[in-house]
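Inspection log for the structure reproduced underneath, given as structure tokens.
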Amino acid sequence: MQDQDESEQKPNIVEIAEKNDQFSTLVKAIQAAGLTDTLESSGPFTVFAPTNEAFEHLIKKIGQKKFDAILHNKEALTAILTYHVVPGKVMANDVVKLKNGSKVKTVEGSDIVIHHGKKGVFVDNAKVIKTDIEASNGVIHVINAVILPPDLKSKMASAK
């Protein structure tokens with residue numbers, strides 16, 4: 001019985017992110033996109049969570065003005081954030097069993113590409129730096145970069 005009580009008390013994905021300072025930018029983005037309720041629902045979800053440092057790197061790359069514009073564009077922000085989410089609970093052991101270069105469909109609708117080898121596990125161009133943070137409604141894997149859906153990359157590259 002105690003095991004069941006402990007699992008019921010396990011925080012959800014949003015609660016874990018809110019309690020971890022390295023995800024404060026991600027939490028703000030989730031709130032701005034109106035995805036809090038979704039990521040607090042039963043799921044399960046696998047979230048590839050970029051750190052604040054990952055967001056800072058993106059800001060340096062695209063500029064603060066463009067980043068602020070994305071934060072205020074709910075459609076673009078939702079696309080970016082849901083590109084970091086895969087339906088189901090995919091643990092690190094499951095990921096390394098995938099064929100190198102496997103494509104996995106995200107909640108956004110596009111595929112992310114999973115690479116693994118001696119240098120670690122990568123989701124698109126982001127390195128997975130911490131795995132298997134279990135939540136009541138899924139799992140979080142921490143990544144060192146913000147990944148962008150393919151169609152958004154071209155829009156951002158052309159919009160200077």
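Out of everything in region 81-104 that is under 13 Å from the mean Cα position of the chain (by Cα) and not in a loop (DSSP other than H, G, I, E, B), what residue ends up being surrounded by the most Cβ atoms within 10 Å (Cβ to Cβ)?
In this case the residue turns out to be 86.
Check whether at least one residue in region 141-151 is surrounded by fewer than 20 Cβ atoms within 10 Å (Cβ to Cβ), more than 24 Å from residue 20 (Cα to Cα) and either at pLDDT below 95 or not polar (S, T, N, Q) (or both), and report yes or no.
Among the residues of region 141-151, at least one is surrounded by fewer than 20 Cβ atoms within 10 Å (Cβ to Cβ), more than 24 Å from residue 20 (Cα to Cα) and either at pLDDT below 95 or not polar (S, T, N, Q) (or both), which makes the answer yes.
Which ones in region 26-41 are without any contact (Cβ under 8 Å) to a residue 60 or more places away in the chain and open to solvent by 40 Å² or more (accessible area, probe 1.4 Å)?
Correct list: 28, 31, 32, 34, 37, 38.
Just one of the numbered conditions (1) in contact with a Pro (Cβ under 8 Å, 6 or more places away or on another chain); (2) within 15 Å of residue 46 (Cβ to Cβ) is not true of residue 145; which one?
Among (1) in contact with a Pro (Cβ under 8 Å, 6 or more places away or on another chain); (2) within 15 Å of residue 46 (Cβ to Cβ), the lone unmet condition for residue 145 is (2).
Tell me which of these residue 113 doesn't satisfy, since it passes every other one: (1) at pLDDT 95 or above; (2) more than 19 Å from residue 39 (Cα to Cα); (3) in contact with a Leu (Cβ under 9 Å, 6 or more places away or on another chain).
In the conditions (1) at pLDDT 95 or above; (2) more than 19 Å from residue 39 (Cα to Cα); (3) in contact with a Leu (Cβ under 9 Å, 6 or more places away or on another chain), residue 113 misses (3) alone.
Just to be sure I understand the filter: pairs with C-beta atoms under 7 Å, separated by 6 or more residues or on different chains, first member in region 42-57 and surrounded by fewer than 20 Cβ atoms within 10 Å (Cβ to Cβ), second member of a type in the set (A, V, I, L, M). Which pairs pass?
These pairs meet every condition: 55/146; 57/145.
Give the residues of region 36-55 that are modelled with pLDDT under 95 and under 16 Å from residue 140 (Cα atoms), sorted by residue number.
Within region 36-55, 36, 38, 39, 40, 41, 42, 43 qualify.
Scan region 105-128 residue by residue and report those that are surrounded by 17 or more Cβ atoms within 10 Å (Cβ to Cβ), part of a strand (DSSP E or B) and hydrophobic (A, V, I, L, M, F, W, C).
Within region 105-128, 112, 114, 121, 122, 123, 126, 128 qualify.
The values are calculated or read from the model by the stated rules, or taken from the named source; none is laboratory data. None of these values were measured; they are calculated from a predicted model. Backbone-built Cβ (ideal geometry, glycine too); neighbour counts: all protein chains shown. Remember, those area values only see protein heavy atoms, side chains included, never the ligands or the DNA or RNA. Shrake-Rupley method; radii C 1.70, N 1.55, O 1.52, S 1.80 Å.
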